Amino acid sequence: MASTVFKGEIWLTGGRSDLYAMYDLAFSFKNADIWHSVDGRTWVQELRLFGDFFAQNKFVKQPGSIAPWYERFGHTMDAVDIDGDGEEDVMILLGGYSPSPSNDQWLTEDGTTWVYCGLAPWSARGWHSTLVFNNSLHLFGGSPLNNEVWRLESVRRVNREAPLTRAAYLSYTFELNWTRLDGAPWVPRVGHQMVSQWYFDADGGETSADARERILLIGGFGGFLQDTPGYDGGYHAYNDIWESWDGNNWTMLTDSPAFDQRAWHTVTVLHTKNNPKIDWSAQRPDRPPRMYVFGGGSIGFSGESSRRVTVMQGKIDAFYSEDGIAWTKISYNEGGGSTTVTQYSSQEWAKGSINSNTVYIGLWGHNVVQFSPEGEDSNHLFMFGGHETDGGSMLNSVFMSVGGLICDIHGIACSDNGVCGEGNQGCVCNLHFSGEYCEVSDR
């Protein structure tokens, strides 16, 4: 599915699901539904959708609960400011599998009426990533495997000539003007995650006044293409991290972070509600906002290795980082793999049920957004949906982060150095169980 925050609500569109009756005798595992929520707890489905049905879903009820665009997954959706006034004006939905990779462009100003904006100049794709950086929407990679980077330069509303159709259509559309940026050095990939962070070197004496916005690319599945230098006979998940300050020039920060290879994970920042340059924690004044990695999965193989992963191996862990190089694990994990110890994670979203038994299983394809619920004065992370591994199922659960996101004792987050202990043991500040707020008796 694809999600974003727009006009004070979380919005969710489409995605893969269990097989369902779409209409009449048609069945599908792809969706063209639209949901939104002001608090993450109560969700409202849009049941009267309007727009350019002539372009794709011309045979559905108009208006109805099915959007004008084809059912799909692996697409993206972003809230974008198109007039430069600092407020997001539209949501833009791009590409995805419907069922083949696509490069169609859809825009809405209210979540209810969807405008078909034609085909983009970039090739059809799914499982790509998008990100608003420096006030411009950017698109990265995707399948068929590529490492292209495109920037949306402008959006202009124009009149439309009436199409020859009986299906519903609008008298206007939007022209989206894209520019392809220089070739990125990272290998082609899908299921990768992009994040925008306002970063400054607090340890080097910089303050938020010195903060600059940067892009980070984290992980993904792919590799060098056949018939190109570097191709090693297979494709696999990565855990490399790349940085760019302009979308053109890229530097690898690390290819050996604390977490292992993964794709279809989630990455986001968490900053104060009123200042995107400051971390959300009141105990970290004038520190850059931390980035968080949750779950994901590993699959694939390399021709240089006999090890092949033929099914998705899910992740049940979580990490944060301030600089993108040093990552701190914020979950307690044990077991799994070749051990005889039952797999366990202190991340509540990793708890599932198989054959009525409680198990801890990996999650991939989920969404995480930063959002301040209606009536709240602070930001939280919201995680929803996803596909469990190891015999699990599709999910429609929603989780919201609280102070214990980084483990706390009496509401104090272990000087922000803590990691979770097993069960309800609280936090462990370091391997010696010492430090402020970390007396052994308080664990």
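Brief remarks on what is shown
- The Stokes-Einstein estimate for the chain, based on a Kirkwood radius over Cα pairs and taken at 20 °C with 1.002 mPa s viscosity, is a diffusion coefficient of 94 µm²/s.
- The equivalent ellipsoid of the stretch 129-183 has semi-axes of 29, 15, 9 Å, largest first, where each one is the square root of 5 times an eigenvalue of the Cα gyration tensor.
- Remark: spin-label model distance residue 328-residue 81 equals 3.1 nm, labels positioned 7 Å along the Cα→Cβ axis.
- For the pair residue 248 and residue 134 in one chain, pulling the backbone fully straight at 0.36 nm per residue adds 39.8 nm over the alpha carbon distance.
- In the full protein context, the chain carries 45 Å² of accessible surface per residue, based on a 1.4 Å probe and ignoring ligands, DNA and RNA.
- The tail of the calculated P(r) for the stretch 305-346 beyond 13 Å holds 67 percent of all Cα-Cα pairs.
- Chain lengthening between residue 28 and residue 304 when straightened (0.36 nm per residue, less Cα-Cα): 95.5 nm
- When you restrict to C-alpha pairs under 8 Å that are six or more residues apart and normalise by the size of the chain, the relative contact order lands at 9 percent.
- Ordered from largest to smallest accessible area (heavy atoms of protein chains, 1.4 Å probe), the residues 322, 348, 153 come out as 348, 153, 322.
- The simple Förster model, with R0 at 25 Å and r as the Cβ-Cβ distance, assigns residue 20 and residue 170 a FRET efficiency of 0.30.
- With contacts taken as Cα pairs under 8 Å and at least 6 residues apart, the stretch 79-192 reaches a relative contact order of 21 percent.
- If you wrap the Cα atoms of the stretch 143-225 in a convex hull and average its projected area over all directions, you get 10.0 nm².
- Accessible area in the full protein assembly, largest first, 1.4 Å probe, for 395, 94: 395, 94
- Normalised alpha carbon radius of gyration of the stretch 232-295 [divisor 2.2 N^0.38 Å]: 1.41
- Distance between modelled label sites at residue 338 and residue 397, nm, 7 Å Cα→Cβ extension: 3.0
- Sulfur and carbon atoms: percent of accessible area, the chain [1.4 Å]: 48
- Simple spin-label estimate for residue 376 and residue 59 in nanometres, 7 Å along Cα-Cβ: 4.3
- Legend: Rg and Dmax of the stretch 83-165, from Cα coordinates, 13.7, 40 Å.
- Subtracting the Cα-Cα distance of residue 201 and residue 260 from 0.36 nm times their residue separation leaves 18.7 nm of extension gain.
- Per the Kirkwood formula applied to alpha carbons, the stretch 1-94 shows a radius of gyration over Rh ratio, Rg over Rh, of 0.99.
- Value of Rg/Rh across the stretch 7-164 [Cα atoms, Kirkwood radius]: 0.95
- From the C-alpha gyration tensor of the stretch 205-358, square roots of 5λ in Å: 30, 25, 11
- Both radii are taken from the alpha-carbon atoms of the stretch 46-137; with Rh as the Kirkwood radius, Rg/Rh is 0.97.
- Cα-Cα pairs of the stretch 281-407 separated by more than 26 Å (percent): 30
- For residue 158, the accessible area of its heavy atoms, probed at 1.4 Å with every protein chain present, is near 20 square angstrom.
- Solvent accessible area, Å² - residue 69, 1.4 Å probe, full protein context: 0
- Within the stretch 9-36: backbone nitrogen closer than 17 Å to the residue 47 label point (7 Å, Cα to C-beta): 23, 33-36
- Length-normalised contact order for the stretch 149-300 - Cα pairs under 8 Å, 6+ apart - percent: 21
The values are calculated or read from the model by the stated rules, or taken from the named source; none is laboratory data. Predicted, not measured: the structure shown is a model, and the values here were computed from it. Reconstructed Cβ throughout: ideal geometry from the backbone, glycine too, with neighbour counts over all protein chains shown. For accessibility, only protein heavy atoms count, side chains too; no ligands or nucleic acids. Shrake-Rupley method; radii C 1.70, N 1.55, O 1.52, S 1.80 Å.
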